[in-house]
Amino acid sequence: MQKPPITKSEPDETGHWSQFGGRYVPETLVAPLDELTNEFLRAREDPNFWGELNQLLRDYCGRPTPLFHARRLTADAGGAQIHLKREDLLHTGAHKINNAVGQALLARRMGKRRVIAETGAGQHGVATATVCALFGLRCIIYMGAEDVRRQALNVFRMRLLGAEVITVNSGTRILKDAINEALRDWVTNVYDTYYLLGSALGPHPYPLMVREFQSVIGREAREEILSATGKLPRALIACVGGGSNAIGLFHPFIADEGVRLIGVEAAGRGDSLGQHAARFHTETGSGGGQVGVLQGTMSYVLQDANGQIATSHSISAGLDYSAVGPEHAFLHDSERAEYARASDAEALEGFQLCAKLEGIIPALETSHAILPAIRVARELSQHDSIIVNLSGRGDKDVQLIADLQSK
């Protein structure tokens with residue numbers, strides 16, 4: 001039987017998209033999550049909240065971001081017109097600032113003066129440190145030791161902005177471990193602390209809340225592509241770690257059945273567990289993801305045969321995570337969205353191609369979407385268009401890539 005079309009994607013009152021999402025947390029976090037949910041729902045209906053947020057997005061962050069017609073990438077692909085949504089031009093250099101400003105306004109409404117956050121690639125940490133400096137809030141950032149090593153520039157930026165950066169040496173020393181430490185901090189300091197989670201995952205209301213703050217990407221892109229071409233794009237392509245940049249682009253197009261939604265996960269350096277971060281790579285025996293719970297939410301999670309959380313790998317710190325946001329899991333199972341994979345080598349090729357052909361150095365996370373976008377473009381007519389979400393700039397990755405090329 002053919003599945004009915006998905007025309008909207010909203011969770012129920014408990015934060016579930018079908019079986020995905022929800023709230024799987026210690027009892028000590030139930031009350032602060034209830035408090036946060038209630039405050040967010042009040043703010044969501046408050047025009048003064050949105051007025052202040054939209055003013056900050058415009059005057060401080062630099063919105064709207066342009067939709068750039070990448071003519072040389074288009075010529076190289078030889079098919080549909082490729083457009084880049086330039087989130088890399090935002091203040092701090094990535095889409096993360098959209099959500100950070102929104103949540104900082106919530107923290108201020110709630111009277112929380114201490115803000116904690118986790119970060120992988122460092123862009124969410126920089127965005128959080130930035131808004132804490134803007135609002136005069138104390139800022140503590142948890143970051144895995146491996147990510148501190150490969151994102152040294154962003155660590156310096158966070159400290160320059162006044163944040164305390166705590167290096168996490170437990171576990172695999174990446175994003176998952178940073179989130180664990182941030183949650184432990186929050187449990188201990190719920191009275192005065194706001195946890196500013198950076199992606200569309202974690203316990204309810206975070207996946208919904210982050211999506212709402214990031215949907216400005218898709219709303220703008222929709223207006224811009226209609227203005228430029230007079231019609232909707234045939235496809236949207238974005239990298240997916242936790243999934244905030246992708247769900248922000250996808251959500252305003254959910255009801256448009258003719259628009260393909262394509263997320264790109266990190267295929268890393270192989271198919272076996274520990275070699276990739278492709279949660280929807282679920283073929284039996286090949287080391288993929290299964291439905292499970294990680295860090296407060298039910299979604300697809302990389303697990304071993306005993307149900308233990310498996311390690312992940314990606315050349316990009318921001319995609320190096322064992323689970324994916326619950327709304328992406330829902331869109332995957334409902335077949336509204338597709339999820340492709342790009343390897344480390346393909347991400348490096350996309351990184352170099354975008355730089356050489358368009359004079360734009362993308363973040364390694366975004367770079368995963370470049371070659372899949374070219375493949376999609378080649379399947380389409382030159383009268384069609386596609387949008388790639390250029391979720392961040394690659395300044396933070398240049399030294400890492402230089403080191404790799406010198407070996």
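Only the coordinates and a few stated rules stand behind these numbers; no lab work does. If you're wondering where the values come from, they're calculated on a predicted model, not measured in any experiment. Virtual Cβ from ideal backbone geometry, glycine too; neighbours counted across all protein chains shown.
Provide Trp50, Trp17 in ascending order of the number of other Cβ atoms located within 10 Å of each residue's Cβ, fewest first.
Listed from fewest to most nearby Cβ atoms, that is Trp50, Trp17.
Grab the DSSP H runs of the chain that are 4 residues or longer, score each as -39,500 (n - 2.57), total them, divide by all residues and round the 222 nm result to the nearest 500 deg cm²/dmol.
It lands at -12000 deg cm²/dmol.
Scaled to the compact-protein estimate 2.2 N^0.38 Å, what is the alpha-carbon radius of gyration of the range 192-305, rounded to two decimal places?
Taking the Cα Rg and dividing by 2.2 N^0.38 Å, one obtains 1.23.
Strictly under 4.7 angstrom between C-beta atoms: which cysteines of the chain have no such partner?
Cys61, Cys239, Cys354
Size of the dipole of the range 143-273 about the Cα centre, Lys and Arg at +1 and Asp and Glu at -1 on the beta carbon, nothing else charged, in debye to 20?
320 debye
Taking θ as phi - 60°, what are the ³J(HN,Hα) couplings along the range 39-50 by the Karplus curve (6.51, -1.76, 1.60), each to the nearest whole Hz, with x for Gly and Pro?
5, 5, 5, 5, 5, 4, 9, 9, x, 5, 4, 5
For a quick check: sort Cys354, Cys239 by the number of other beta carbons within 10 angstrom, fewest at the front.
Cys354, Cys239
Considering the options Gly62, Gly22, Asn98, tell which one lies farthest towards the positive end of the dipole of the range 1-120, charges being +1 on Lys and Arg and -1 on Asp and Glu at the Cβ, about the Cα centre.
Farthest towards the positive end: Gly62.
Looking at the chain only, what percent of DSSP beta bridges run antiparallel? Nearest 5 please.
Among the beta bridges of the chain, antiparallel pairing accounts for roughly 35 percent.
Using a Gaussian network for the chain with springs between C-alpha atoms less than 10 Å apart, which of these wobbles most: Ile309, Ile386, Ile217?
Ile309
If the cut-off is 18 Å between C-alpha atoms, which aspartates and glutamates fall inside it for Lys8, apart from same-chain ones fewer than 8 positions away?
Partners within reach: Glu212, Asp256, Glu257, Glu327, Asp333, Glu335, Glu338.
How high is the relative contact order of the chain, given as a whole-number percent (alpha carbon pairs under 8 Å, six or more residues apart)?
Once divided by the residue count of the chain, the mean separation gives 21 percent.
Taking 0.36 nm per residue of separation and subtracting the Cα-Cα distance, what length does fully extending Asp304 through His383 add?
Difference between extended and current length: 23.9 nm.
How many nm is it between the label spots at Asn54 and Ser334, if each spot is 7 Å from the Cα in line with the beta carbon?
2.6 nm
Quick query: amide H of Ser343 versus all other amide H atoms, modeled in the peptide plane; which residues come in under 5 Å with a sequence gap of 5 or more or a different chain?
Distant-sequence amide H within range of Ser343: Ala267.
Quick one: grab the alpha carbon gyration tensor of the chain, order the square roots of its eigenvalues as a ≥ b ≥ c, and give me rounded if a/c is under 1.5, else prolate or oblate depending on whether a/b is larger than b/c.
Because its axes are fairly even, with a/c under 1.5, the chain counts as rounded.
Can you list the GluC sites (Glu not before Pro) in the range 1-61 that are in a DSSP coil and have 13 or fewer other beta carbons within 10 angstrom?
Glu13, Glu45
In a GNM of the chain with a 10 Å cut-off on Cα contacts, which of Ala340, Ala317, Ala255 has the highest mean-square fluctuation?
Ala255
By its C-alpha gyration tensor, with a ≥ b ≥ c as the square roots of the eigenvalues, how is the range 261-407 shaped: rounded for a/c under 1.5, else prolate for a/b larger than b/c, else oblate?
Cα axes put the range 261-407 in the oblate bin.
Over the Cα atoms of the range 128-190, what Rg and Dmax result, in angstrom?
Cα radius of gyration and Dmax of the range 128-190 are 11.8, 33 Å respectively.
Is the range 329-396 rounded, prolate or oblate when judged by the Cα gyration tensor, a ≥ b ≥ c being the square roots of its eigenvalues, rounded requiring a/c under 1.5 and prolate requiring a/b larger than b/c?
oblate
Which of Asp256, Asp59, Asp192 moves most in a GNM of the chain, Cα contacts under 10 Å?
Asp59
If you place +1 on the Cβ of every Lys and Arg and -1 on the Cβ of every Asp and Glu, how big does the dipole about the Cα centre of the chain come out, in debye to the nearest 20?
820 debye
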